[in-house]
Amino acid sequence: MSSVSNNSALNNLYWEEKPKVQDRNNGALTQADFFALLTQQLAYQDPTKPVENDQMIAQMTNFTTADGIGKLNENFSSLAQSMTSNQALQASSLVGRSVLTQSDQLVFTGDSLARGVIDLERPASSLRVMIENEKGELIQSFSVENPKMGRNSFIWDGTYLPSGESSADLIDGELSERVRAGTYKLKVEASYSDGSRASVPANVYTPVGSVSMNSNGKGIMLNLLGLGAVKLGDVLEVSYG
């Protein structure tokens, strides 16, 4: 009678299982899978009713088209990433320069003139620019000479009106005191020949402090000094000053 003996020396011997290779295509059919299915289809087809050539060609065409679209999408994704990188590189050259954007705020740096542009859709008899501090108090007011339909430029050197005075009381518009560097509220009012008045939007030049690539789908953003972030597509003009 045979007996089975347990050898303790064999207790630690075992076959090591091979690690499973991670499926990288997430279950999607590849070109090799398609041809394997096509081969099986041909192998098990009814000899009395074989697959028509046009049906086989249609299946292969559909797969080729789908495979081509998938590769095209990958190429477009790569192209979009490349274009975004190029845009970011180009936008970085704007750091230190001023860009023109629409805003109801005006930045005075203390080192250079604050500039802006007003686009009128119809001729105005007068055009007045009003600048207020953070409390809403009027600190400066001046008229744009000879306003016309289209582009009208204005500048502000940071001077302000002392309390109780008006621009009509000043000689040659000379003021000795200037405001601190900062962001100020901007209002523009147009008067027309029919006696009506209306507030009109203004565009201002603001220095670019930095450029960022926004991850929430907004694309390239310019961080303007005192005004925050704006889209690159919102820039109307680039200036050296």
Whole-Hz ³J(HN,Hα) from phi, Karplus 6.51 cos²θ - 1.76 cosθ + 1.60, for segment 227-236, glycine and proline x:
10, x, 8, 9, 6, 4, x, 8, 6, 8
Take the alpha-carbon positions of segment 97-239, form their convex hull, and give its projected area averaged over all directions (one quarter of the hull surface) in nm².
10.0 nm²
How long is the gain from SER196 to ALA36 if the chain were fully straight, where each residue apart is worth 0.36 nm and the alpha carbon distance is subtracted?
49.7 nm
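Using a 1.4 angstrom probe on heavy atoms only, work out the carbon and sulfur share of the accessible area of segment 97-239 in %. Write down the numbers at each step before the final one.
Numbers: 3730 of 8220 Å².
After summing per-atom areas, the C and S share lands at 45 percent.
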Label GLN90 and VAL117 with points 7 Å out from Cα along Cα→Cβ: what is the distance between them in nm?
1.8 nm
How big is the accessible area of ASP194 in square angstrom, nearest 10, if you roll a 1.4 angstrom probe over the protein chains?
110 Å²
Explain nothing, just the number: relative contact order of segment 97-239, from Cα pairs under 8 Å at least 6 residues apart, as a whole percent.
35 percent
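Express the accessible area of segment 97-239 per residue in Å², computed with a 1.4 Å probe while the remaining protein chains stay in the model. Display every interim value, and only then the final one.
Numbers: 8220 Å² over 143 residues.
Result: 57 Å² per residue.
Stretch TYR240-SER212 to full length: gain in nm at 0.36 nm per residue minus the Cα-Cα span? Walk me through the numbers on the way to the answer.
Numbers: separation 28, 0.36 × 28 = 10.08 nm, distance 2.04 nm.
Between TYR240 and SER212, full extension yields an extra 8.0 nm.
Quick one: order THR183, THR206 from most to least accessible surface, probe 1.4 Å. Write down the numbers at each step before the final one.
Details: THR183 55, THR206 0 Å².
Heavy-atom accessible area, descending, gives THR183, THR206.
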Quick one: ranking ARG151, ARG128, ARG178 by accessible area, 1.4 Å probe, largest first, what do you get?
ARG178, ARG151, ARG128
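The values are calculated or read from the model by the stated rules, or taken from the named source; none is laboratory data. This is a predicted model, so every value here is computed, not measured. Using ideal geometry, Cβ is built from the backbone for each residue, glycine included, and neighbour counts are taken over all protein chains shown. Heavy atoms of the whole protein, side chains included, go into the accessibility calculation; ligands, DNA and RNA do not. Shrake-Rupley method; radii C 1.70, N 1.55, O 1.52, S 1.80 Å.
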